[in-house]
Amino acid sequence: MKTLKFDVFGRNVLIVETESGWQAFYLGNEGKRRPARDIIVPPNILESEIAQYLDDLCHEWATELNKSVKRVN
């Protein structure tokens, strides 16, 4: 099972590859995670396209301090 960590405009998001596609979680500072029900990643999205997809989906979260989506692992 592949996991990808992203800083999505200042929010820590974990994307996990499952048998049925991608699943998104919010990561807490203490390592706990909770489902990110508002982030649905289609199963046909390639790993190399996820950062751009998250940018397109969540661009409303952008601020002066957090202007982009960055992969952090």
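Please treat every number below as a calculation from the coordinates, not as lab data. Predicted model, so just to flag it, every value in this text is computed and none were measured. Here Cβ is always computed from backbone atoms with ideal geometry, including for glycine, and neighbour counts include all displayed protein chains.
Here is how the numbers come out for the structure above:
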item	result
Failed criterion for PHE25 (all others in (1) closer than 18 Å to VAL72 by Cα; (2) surrounded by fewer than 15 Cβ atoms within 10 Å (Cβ to Cβ) hold)	(2)
Residue list for the range 28-39, restricted to those being surrounded by fewer than 13 Cβ atoms within 10 Å (Cβ to Cβ) and at negative phi	GLY28, ASN29, GLU30, LYS32, ARG34, PRO35, ARG37, ASP38
